[in-house]
2 protein chains.
Amino acid sequence: MKIIIVGGAGTIGNKVTADLEKDHEVIKVGRTSGDIQADITQPESIEVMFKTIGSFDALVSISGTGHFGPLKTMTAADFQVGLQSKLLGQVNLVLIGQHYINPKGSFTLTSGILSEDPVFGSANLAAVNAALNSFAMAAALELENDVRINVVSPGVVEDSPELFGAFPGHMPVSMPVVVNAYRKSVLGVVNGQVIKAF
Amino acid sequence: MKIIIVGGAGTIGNKVTADLEKDHEVIKVGRTSGDIQADITQPESIEVMFKTIGSFDALVSISGTGHFGPLKTMTAADFQVGLQSKLLGQVNLVLIGQHYINPKGSFTLTSGILSEDPVFGSANLAAVNAALNSFAMAAALELENDVRINVVSPGVVEDSPELFGAFPGHMPVSMPVVVNAYRKSVLGVVNGQVIKAF
C-alpha cells in the first residue's frame, strides 16, 4: 500500500510512521522535514504535493496546530490559528486529496480528546477537534469509489510528558494504543468513525 | 433583563424575539436590520456594537451562515464561509462580549443537528455546528463572574419548509420546542450545555 503520512515527524507521527513503514511504502510529508515538503494551510501547496506524489492508497494526517490559552484573553486572531491550521489544513487534505486517491483508499485525520473533555485553555482546540470529528462523519457519506475517512482522537500521550501539567487527571495514553487506532483506520474497514485513543 | 438578540430577524430569531420581548428589554442586532447593525465576521464591528449597547444580561445569537454543497466540488474557500461566519462570528460575540456582560449573565449560541445527523452537502455545517457545541462546553469552564454559556442545536424547523427536501427523514421541529430551548438557556440556570431542539 502507498501511504502518505502528513506530520510523520511529530510525537505520534514518529511511532505511526515506524509502524506502517514495516509493511508499506510510506511517503513522509512535513512542513520543513520529510520526503516532501508541504504547508497544509496553503491549498496550492497541497495541490503540488499530490501532483508530485501521484495516486495513493491512504493518507494519514497527524498535523496542524491550534491556540492554547485562557479564554479571558483570547482574540479572534488566536482562534483563527486552529481554524486555519489543524482544522482547515486537514480538511483541505481531504477536499483536494479526494481527486487523487485510489478507489478503496482511506483518509485518517487527527482530532483529540479536548472536544469532549476540555481543560483550561482549550476553547480553540475543543472546537477544532469537534469540527474534525463531525467533518469526517459527514464526508464519509459523500466520498465516492469506496474511499473511507476516519478521525483518530487521541488523549494526552505518554510520549508527551511536557503536556501532563495542562491535563490534570487525564491518564496518559500508551503509544501502542494510539498506533493501533491509526492501524484500525488505515488497514481496517471502518468508515465515518471517530476512533478514540484514550 | 436586558437581552441582545443577534439575528433576531431570521426564521428562528423572529419567534425567539417575540417570546423574550414580552417580559424583557430586547435589543435586536442584525447585519442590515434591527435596532443596531453589526457584522459578526468583523471583530471591530462587534466591539462597536457592545460599546454602543453597554452592559447587558444575556446575549442570544441565531446568526451566521455556512456553505451547503457537495463534498466532491467543495473548496477551501467554500469551507471558510462557515468558519468565518457561523463559527468564528458567534465565537467572537463571546470572546469580546465576556468583557461587557453583567455578572450572572448568559450567552446562548446556535449550532444545529447536522453535527450529529449529517445530510448530503453538510460537511461544512456539520463541522461548524460541532465546533460551536464543544467551544461552549470548554468556554463554560472559564467564564468568570458566574456568567453562563449554552448552545441551542435545532433540527430543521417547521417554519422552514424550503429546507425539508435537503433533510430527508428529518422530523420538522415545532417552533415552541425551539423557542423553549432558548428560554431554558437564557432564563434557566444550565451551563455548558448543548440544548437539543429536535
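The values are calculated or read from the model by the stated rules, or taken from the named source; none is laboratory data. Because the structure is predicted, anything quoted here is derived from the model rather than measured. In this analysis, Cβ positions are derived from the backbone assuming ideal geometry, glycine residues included, and neighbour counts consider all displayed protein chains. SASA here: full protein model, heavy atoms, side chains in, ligands and nucleic acids out. Shrake-Rupley method; radii C 1.70, N 1.55, O 1.52, S 1.80 Å.
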By how many degrees, 0 to 90 and rounded to 10, does the Cα axis of helix A:11-20 deviate from the longest principal axis of chain A?
30 degrees
Can you give me the angle between helix A:123-139 and the longest principal axis of chain A, using Cα atoms only, in degrees from 0 to 90, rounded to the nearest 10?
30 degrees
With a 1.4 Å probe, how much accessible area is buried between chains A and B, both sides summed, in Å² to the nearest hundred?
3100 Å²
Per residue accessible area of the stretch A:63-198, 1.4 Å probe, in Å²:
36 Å²
Loop by DSSP (not H, G, I, E, B), at most 15 other beta-carbon atoms within 10 Å: where is the longest site-free stretch of chain A for GluC sites (Glu not before Pro)?
A:22-143
Using a label point 7 angstrom from Cα along Cα-to-C-beta, what distances in nm, from shortest up, separate B:G192 from the other copies?
3.1
Run through the other copies and list how far each one's label point is from that of A:G169, in nm with one decimal, shortest first; the point sits 7 Å from Cα along Cα-Cβ.
3.7
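Which of the chymotrypsin sites (Phe, Trp or Tyr not before Pro) across the stretch B:30-127 are loop residues per DSSP, with 15 or fewer other Cβ within 10 Å? Each step should come with its number before you reach the end.
Working: sites: B:F50, B:F56, B:F68, B:F79, B:Y100, B:F107, B:F120; in loops: B:F68, B:Y100, B:F120.
For chymotrypsin sites (Phe, Trp or Tyr not before Pro) across the stretch B:30-127 that sit outside H, G, I, E and B with at most 15 neighbouring Cβ atoms in 10 Å, the list reads B:F120.
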So if I take the alpha carbon set of the stretch A:85-198, get Rg, then get Rh from the Kirkwood formula, what is the Rg over Rh ratio?
0.99
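In square nanometres, what is one fourth of the surface area of the convex hull spanned by the alpha carbons of the stretch A:5-63? Intermediate values should be presented prior to the final figure.
On the way: hull surface 14.9 nm².
Mean shadow area of the hull around the Cα atoms is 3.7 nm².
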List the residues of the stretch A:88-104 that lose 40 Å² or more of accessible area once all protein chains are present, compared with their chain alone (1.4 Å probe, heavy atoms only, no ligands or nucleic acids).
A:L88, A:L95, A:Q98
Note the angle between two axes, namely the Cα long axis of helix A:175-187 and the longest principal axis of the Cα atoms of chain A, as a number of degrees from 0 to 90, rounded to the nearest 10.
40 degrees
Which residues of the stretch B:126-162 end up with at least 10 Å² less accessible area in the presence of all protein chains than when their chain stands alone, using a 1.4 Å probe?
B:A126, B:A127, B:A130, B:A131, B:S134, B:F135, B:M137, B:A138, B:A139, B:L141, B:E142, B:E144
Signed unit charges on C-beta, dipole axis of the stretch A:2-197, positive-most listed residue A:Q42, A:L114, A:G10
A:L114
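For the stretch A:1-119, what's the relative contact order in percent, using C-alpha pairs closer than 8 Å and at least 6 residues apart?
Relative contact order of the stretch A:1-119: 27 percent.
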Beyond 31 Å, what share of the Cα-Cα pairs of chain B is found? Please give it as a whole percent.
12 percent
Restricting things to Cα coordinates, could you compute the convex hull volume per residue of the protein assembly as shown in Å³?
127 Å³
When the accessible area of the protein assembly as shown is computed with all protein chains present and a 1.4 Å probe, what percentage of it is carbon and sulfur?
54 percent
With the label set 7 Å along Cα→Cβ, B:A77 is separated from its counterparts in the other copies, in nm and shortest first, by 2.6
